[in-house]
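Bear in mind that the values in this text are calculations on the coordinates, not laboratory data. Quantities reported herein were computed from a predicted structural model and do not represent experimental measurements. So basically every Cβ, Gly included, is an ideal-geometry build from the backbone, and we count neighbours across all protein chains shown.
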Amino acid sequence: MSFNQPLGGNEMPRFAGPATMMRLPSQETAEGLDACFVGIPLDIGTSNRSGTRQGPRYIRIESCMLRPYNMGTGAAPFDSLQVADIGDVPLNTFDLKKSVVIIEEAYDGILAHDCRPLTLGGDHTLVYPILKAMAKKHGPVALIHVDAHADINDEMFGEKIAHGTPFRRALEDGCIAADKVFQIGLRGTGYSPEDFDWSRQQGFTVVPAEDCWMKSLTPLMAEIRAKIGDHPTYLSYDIDSLDPAFAPGTGTVEIGGLTIWQALEIIRGCRGLDIVGGDLVEVSPPYDPSGNTALVGANLLYEMLCILPGVRYPDEAPGNK
């Protein structure tokens, strides 16, 4: 079988060529794919700075620097999986509730092909319809949620659906297994001392940013893997989990965040789990003209690809087990 490959920098200058994720081949559906990159250019669910509708486009632009082999882990995703960029979900940019329905239907279609989607966001509202589609396919999924914010508000400005409410809605709808939900990196100021306690009361495990400072998160991820086991797992990564020193281009920045190397430890620590999909959300390019936030997002999405089931690693080659 011949696997799709990113277009190499020696075949075409990196500032040219197709404007797809990692300059991969594009196709209209997920048919025949093991994994796909898909964009959701959504920002009408944001509550502060807009601009995440530009996230998928700019993540793709910065992804032109990525090469196929992971030199840190040895992962060879493009020797193992059939991957393509299937473009963007065609939202109704004037109607958030309609867009949520459109997203859910789009992911029903992706999952019907047994494809594992990696989503370029877009604001965090998008994870709610994705989790609804995931639950129809897999039942309530385990969730690793990396974020500065818990996103468990009941309402925002009287609305039940927005980027601060998706995980409350997902729990209410039976999309996530509460005892297998892990929220990492929460921090900042709140409206009450109990802001993060609702998550704990539901059975979520909450790991505040302060518990991560000056530490490797590799031991934490070993504990999480042990608790999740072989349960289907979704990974949702908000770029604002990172300290704004690393990722200023986002809508709701909070100081005291995670480092990039901790982000890599979290994602690489998901290897061995049954990751059924993932997202990288809340990249708002207008607030980082350097492009570095989008570049970080592109790299973290690539790292997610590298830990999907079926990806080949050197220690899994014949004779190395």
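Here are some notes:
- At q = 0.08, 0.19, 0.21 Å⁻¹ the log10 of I(q)/I(0) for segment 83-221 amounts to -0.23, -1.20, -1.36, computed by Debye summation with a single uniform scatterer per C-alpha, solvent ignored.
- With R₀ set to 30 Å, the beta-carbon distance separating S47 from R312 gives a calculated FRET efficiency near 0.10.
- Under 5 Å, built H, 5+ apart or other chain: amide partners of L186: D147, V207, A209
- Antiparallel bridges, percent of DSSP beta bridges restricted to segment 25-312 (to nearest 5): 5
- Point-charge dipole on Cβ atoms (K/R +1, D/E -1) for segment 106-226, about Cα centre, debye to 20: 460
- What the phi angles of segment 62-73 give under the Karplus curve with 6.51, -1.76 and 1.60, with θ = phi - 60°, is a coupling list of 6, 5, 4, 7, 7, 10, x, 9, 8, 6, x, 10 Hz, glycine and proline written as x.
- Along segment 159-165 the Karplus relation, 6.51 cos²θ - 1.76 cosθ + 1.60 evaluated at θ = phi - 60°, assigns HN-Hα couplings of 9, 7, 10, 6, 6, x, 10 Hz to successive residues, with x for each Gly and Pro.
- Candidate values (1) -0.24; (2) -0.27; (3) -0.32 were compared with log10 I(q)/I(0) by the Debye sum over Cα atoms at q = 0.07 Å⁻¹ computed on the shown model; the agreeing label is (1).
- Residue among T93, Y69, L81 farthest towards the positive dipole end of segment 66-115, charges placed on Cβ: Y69
- The separation of segment 269-284 from segment 99-130, counted between C-alpha centres, amounts to 13 Å.
- When only the Cβ of Lys, Arg, Asp and Glu is charged (+1, +1, -1, -1), the dipole of the chain relative to its Cα centre reaches about 560 debye.
- Across the chain, the longest run free of exposed loop sites, meaning chymotrypsin sites (Phe, Trp or Tyr not before Pro) lying outside DSSP classes H, G, I, E and B with no more than 11 other Cβ atoms within 10 Å, spans 192-321.
- ³J(HN,Hα), Karplus 6.51/-1.76/1.60, whole Hz, each residue of segment 3-15, x for Gly, Pro: 9, 4, 10, x, 6, x, x, 8, 8, 8, x, 5, 8
- Contact order normalised by residue count of the chain, Cα under 8 Å, 6+ apart, percent: 21
- Protection-proxy order for peptides 309-315, 220-226, 150-156, each taking the mean of Cβ atoms within 10 Å per residue, highest first: 150-156, 220-226, 309-315
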